[in-house]
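The values are calculated or read from the model by the stated rules, or taken from the named source; none is laboratory data. The structure displayed is predicted, hence computed values, not measured ones. Positions of Cβ are backbone-derived with ideal geometry, glycine not excepted, and every protein chain shown enters the neighbour counts.
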Amino acid sequence: MISFHPLDIVVIVAYFAIVVFIGFKSARKTTKNEVDFLLAGRSLTLPLFVMTLVSTWYGGILGVGEFSYRYGISNWFLQGLPYYLFAAIFAAVLAKKIRETNLISIPDKLHQAYDKKTAILGSFLTFILMTPAPYILMLSVIFQMMFGWGFFMSVVVTAVVALSYLYFGGFRSDVYTDVFEFILMFVGFAVILPFAFYNFGGIEFLKNNLPPLHFVWHGEHNPQYIIVWFFIALWTLVDPAFHQRCYAAKDAKTAQRGIFVSIIFWFIFDVMTSVTGLYARAALPNLSQPIMAYPQLANLILPPVAKGLFFVGMLATMMSTLNTLGLVSAQTLGRDIFLRLKNSSRISNIEHPILNDKSVTFYTRIGLVVSFLFSVLIAVAIPSVIKIWYTIGTVVIPGLLVPLMASYFEKFRIKPAYAFGSMLFGWLTSLTWMVSSYLLYGYGMKKYFLGIEPMFPGIFISFLIWFVGRYLINHRLH
């Protein structure tokens, strides 16, 4: 439990009230038109694009605190730098292409480039990839600390606050609440850092109170583990939230420029969160639960109101991502899976593959409820933010990466059967490798079959099938 002054409670309650107000006010402008409900009518300007992308892509704040508390500056090298790299690649190579398609989702692109079967499998993997489970878990931890609630009560409050306005407002409500939360996430960490410096001092305090490995870029990680986190950063290239924002941008240039500007803001925020994590480790060296690093540091040094603002900053960081993941997973389940299976006769023009706007809205709303329940089950089964990220990224990315990237370039495309095989066997290989390792060595032992991380054989098999598909096309052409 964290002790709060009544003024802190006022700040936190005011935050939730304003978020709900913005969400419902934005919902008044939303129609049941598919493009309006799912993409806000493709109207995102550069400032809106940047603020919604920055806040959405940085939801795992307690996980960042845990990583920096345990491993020091390697948090930036493993959780920051790889994502900047692949975000820049995404902006340079993909952003304009994605916007110019005028599609709605990743499964639409897979359907356009390959076939319906590949699109449905891609929808299934996208649904898993976009589960809000880590953010439900983090919000539950925060609510339990703040108010002493149980997990069930915390989940109910999360559902009421986050999903209520999404149910009515769709993507537009998500965007405008993200703008508010973008501001608050920076305010929160701008508040705690001066207090940390005032209470403890600067770099000399950190040098004298941190383990030497906290100042080494790789921490205590072996090379294969480091490489895996760089590969997990490939998530950026297949991330549906990135694609969604590009589809929603007012034009292709906005999508591309917006990602480059966002990298600057991510860098600034990463510096703030990493330094805060170092202060937490130096000031509180014996935490039994490192995921509590940020909240416990705030409890130690922040006065009333400042503490409330810091917790609001953390809540805003998590809520912005939870909103987007909840909406995208709902869209994937309701529109891209169920309606694609149910209404195949309606799919006539791939640029508008589902013609019944009311059905899209209706089944997306049902998907919100279902995806939320699915995420709660994952959060209960894997009660660690980092493990959820690692498990999902390791298993799903090998299936999506190669066929999706190839779909945007005519000279790299393969026949639908090979695209489906590349996706299916890339995913199944990594999944089987991981499950077999757990059966052999035990869950959580960080030991894998033949000493190889599960992501590598999955990507290899997916790429091999793609290579065979391209070889056959080239052979037939010549």
Study note, to complete from the structure: Restricting the range 43-73 to residues that are part of a loop (DSSP other than H, G, I, E, B) and of a type in the set (S, T, Y), the one surrounded by the most Cβ atoms within 10 Å (Cβ to Cβ) turns out to be Y58
Check your understanding: L78: touching a residue at least 60 places away in the same chain (Cβ under 8 Å), among the aliphatic types (A, V, I, L, M) and under 30 Å from K207 (Cα atoms), yes or no?
Key -> yes
Point to revise | Set A316, A255, A298: member being assigned to a helix (DSSP H, G or I), crowded, with 24+ Cβ neighbours inside 10 Å, of a type in the set (A, V, I, L, M) and in contact with a strand residue (DSSP E or B) (Cβ under 9 Å, 6 or more places away or on another chain) | key: A255
**Study point:** Options A282, A306: the member that is more than 25 Å from the chain's Cα centre (by Cα), within 28 Å of Y83 (Cα to Cα) and surrounded by fewer than 24 Cβ atoms within 10 Å (Cβ to Cβ)
**Key:** A282
Exercise for review: Please work out which residue is modelled with the highest pLDDT, limiting yourself to the range 146-160 and to residues that are closer than 26 Å to A27 by Cα, surrounded by fewer than 20 Cβ atoms within 10 Å (Cβ to Cβ) and touching a helix residue (DSSP H, G or I) at 6+ places or on another chain (Cβ under 7 Å).
Suggested key: V157
Revision key, fill the gap. Taking the range 447-465 and keeping only residues that are under 11 Å from S430 (Cα atoms), among the β-branched types (V, I, T) and surrounded by 15 or more Cβ atoms within 10 Å (Cβ to Cβ), one is left with I459, I461
Review point. Picking from F197, F180, F143, which residue would you name as being out of contact with any strand residue (DSSP E or B) (no Cβ under 8 Å at 6 or more places or on another chain), surrounded by fewer than 22 Cβ atoms within 10 Å (Cβ to Cβ) and at pLDDT below 90?
Key: F143
Practice item. Looking only at the range 259-269, decide whether some residue is within 26 Å of L85 (Cβ to Cβ), in contact with an Asp or Glu (Cβ under 9 Å, 6 or more places away or on another chain) and crowded, with 18+ Cβ neighbours inside 10 Å. Key: no
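Taking into account only those residues within the range 1-39 that are of a type in the set (D, E, K, R) and in a helix (DSSP H, G or I), which is farthest from E181 (Cα to Cα)?
Step one: filter the range 1-39 for residues of a type in the set (D, E, K, R), giving 8, 25, 28-29, 32, 34, 36.
Imposing the further condition that a residue be in a helix (DSSP H, G or I) reduces the set to 8, 25, 34, 36.
Details: D8: 18, K25: 16, E34: 26, D36: 22 Å.
Ranking the candidates gives E34 first.
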